[in-house]
Amino acid sequence: MTEPDASSGHGTTRRRLLFGGAAAGLGAAVALTTDRAAAGQAAPVPDTTGINGAVAHLFHGAHQSGIATPVASYASFVALDLNAGINREALRRLMRVLSDDAARLMEGRGALADTEPELATVPAGLTVTFGFGPGFVKRADGPTPAWLAPLPAFGIDDLNEAYSDGDLLLLVSADDQVTVAHAVRMLLKDARSFATLKWRQDGFRRAYGSEVSGTTMRNLFGQVDGTTNPNPGTPTFDKVVWSTDGWMAGGTSLVLRRIRLNLDTWDEVDPTGRSFSVGRDISTGAPLTGSRESDEPDFEATTPAGHTVISPVSHIARSRPVEPHEVIFRRGYNYDVPPSGDGVSESGLLFASYQADPVRQFVPIQRRLDEADLLNTWTTPIGSAVFAIPPGCSAGGYVGETLLA
Amino acid sequence: MFTVPTHARLSAVAVLAAASLAACASSDDATEAGSATNVDVAIVDAWTKATDSGMTATFGEITNEGDEAITLIAATTDASSMVELHETSMDDAGGMSMSEKDGGFTIEAGDTLVLEPGGNHIMLMGVTDPIEAGADVPVTLEFEGGGTVEMDTVAKDYTGANEEYVGDKDHGSMEHSGDAGSDEDHSGNDH
């Protein structure tokens, strides 16, 4: 029983339903997906299957899951530091075990030697994505991509090592937090002979079923966030995201930035000021020169007084590509954790972007935002990490084999 | 003991089995053993508990795909100098204890022998070289009548499978008498 990948729109079968009972209404979902592919747009797709616990994505494939697969409601980004003495041979053992765990868990069954296999029976769209930091590639004696290093320092940064860097990334996402918790623990148990936990950052979006799948996420500023993303399954997406270089061919890079949103000072800004800072209507997400989220912003349009309608220092004016290759694919999450000190909230964005080359594609955008962006008044990057996301593997292989084999 | 005669009994069947189980990410693929030795089994989910030294155990599911009952009578592996087939049962005190299975495990046609923590398992003793997580640990299964099957297992970190051992016969210098703290972890117990 299969269903076309809701985000790829070209009929690739990466999304499956495990149980017959969940297939009600499947025909309607397929039809809508096909219509959307014909239109070539990322229109939201109503999910008519109702119960999604049985939704399973394939672990094996040319690319790792969790990037082009439909975004799930919850994600845990977990960074590990490798123990002293872990060498290339040990990394091979580690990645074989972790790949096997991920493949089984994504199928909705317990990992090998899983002590709680019952928790694995609801995959709920589980994906597991592995990323290598510079330390991992060095231990593997592999060629390090030129871009695989901490990002250059930015003036707006106030980075905390507790949310930065790391040798090995485990990115676990699903529409069910029990599933995420179990998968993370299983993977960490199997990694503990090799590495120690450096940090874990948990993020969330709207729960599954709360709104139509594919709706652009709102961050905790209320801002529609991610409007101009490339669509998975399109040539543009493939060009933006997938590397063609050496052992990374079929892989990509992840830039993860923990961006604190100062909700207390944001509260002081009225809707007009918020919209002006973003360059989009805060309520609808439409550019200030348009009426719908999908409208192209007109950065030249002026007011009767002669100013541009969209401020040149608004977020969308500063973040738009100057060069055609300055495009990234964003797949971020919100975070909201107990505050320390006097504030009532500690909230923000797990900004996550994927691109073939972060130095070429992401850094120019970030430099412009660093120089000027009205949103910087209320936002502070407090964590930063870059990981190489190696290509996927076929059944019988393991993630990282192009580096380690 | 892993002996030369055991090597000699490894047949073409065993080689085939090893080839199809080589990768851990596909360890759900059943191993098909042919009929050359009259043992036709499918093996899935085979793993061995990682250990630095001493005792450990191998688990997995062995399905008899043949038409007649078969009996697993022994197992050998390079990883251990002494391998036994064990069963686990509740002792008088309510704890779980394990002991050697007399006569081995008979698997009826179509049935599956489940080797699992807390249940039947293949006991590895006298481990001297560490069995590291993620390592391949090939185990040769010997069946009544002389058939052998190579079972590729992968080593996994596992903190369970600590049943006490109440072996009732001499295991050389092994301490195994179920004294307090005796379990499969027995680091440094292989003296």
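Here, each number is a calculation from the coordinates, and none is a lab measurement. Please read these numbers as outputs of a predicted model, since none were measured by experiment. No Cβ is skipped: glycine too gets one built from the backbone with ideal geometry, and neighbour counts run over all protein chains shown.
Here's the list of lysines a cross-link from A:LYS198 could span, going by alpha-carbon distance under 16 Å and ignoring same-chain residues fewer than 8 apart: A:LYS189.
By the beta-carbon count within 10 Å of each Cβ, the least crowded to most crowded order of B:HIS121, A:HIS60, A:HIS325, fewest first, is A:HIS325, A:HIS60, B:HIS121. Based on every Cα atom in chain A, Rg and the maximum pairwise Cα distance Dmax equal 20.9, 70 Å.
Determine by what factor the alpha-carbon radius of gyration of region A:307-346 differs from 2.2 N^0.38 Å, reporting the quotient. Each step should come with its number before you reach the end.
Details: Rg = 16.7 Å, N = 40, 2.2 N^0.38 = 8.9 Å.
Rg over 2.2 N^0.38 Å, computed on Cα atoms: 1.87.
Divided by 2.2 N^0.38 Å, where N counts the residues, the Cα radius of gyration of region A:90-184 comes to 1.31.
Counting Cβ atoms of other protein chains within 10 Å of each residue's Cβ and taking the mean over peptide A:179-191 gives 1.
Dividing the helix sum by the residues of chain A, where each DSSP H run of 4 or more adds -39500 (n - 2.57), gives a mean residue ellipticity at 222 nm of -6500 deg cm²/dmol.
In the elastic network of chain A, a GNM with C-alpha springs shorter than 10 Å, the most mobile of A:PRO358, A:PRO123, A:PRO324 is A:PRO324. Computed over the alpha-carbon atoms, region B:39-120 gives an Rg to Rh ratio of 0.98, Rh here being the Kirkwood radius from the mean inverse distance.
When the trypsin sites (Lys or Arg not before Pro) in region A:279-364 are filtered for DSSP coil states and for at most 10 other beta-carbon atoms within 10 Å of their beta-carbon, the remaining sites are A:ARG292. Structure remark: mean-square fluctuation, Gaussian network model of chain A, C-alpha springs under 10 Å; the largest value among A:GLY343, A:GLY133, A:GLY383 belongs to A:GLY343. Quotient of the Cα radius of gyration of region A:47-132 and 2.2 N^0.38 Å, N being its number of residues: 1.21. The charge dipole of region A:94-246, taken about its Cα centre with unit charges on the Cβ atoms of Lys, Arg (+1), Asp and Glu (-1) only, comes to about 100 debye. Restriction of the GluC sites (Glu not before Pro) in region A:279-387 to DSSP coil positions whose beta-carbon has at most 14 other beta-carbons within 10 angstrom yields A:GLU300.
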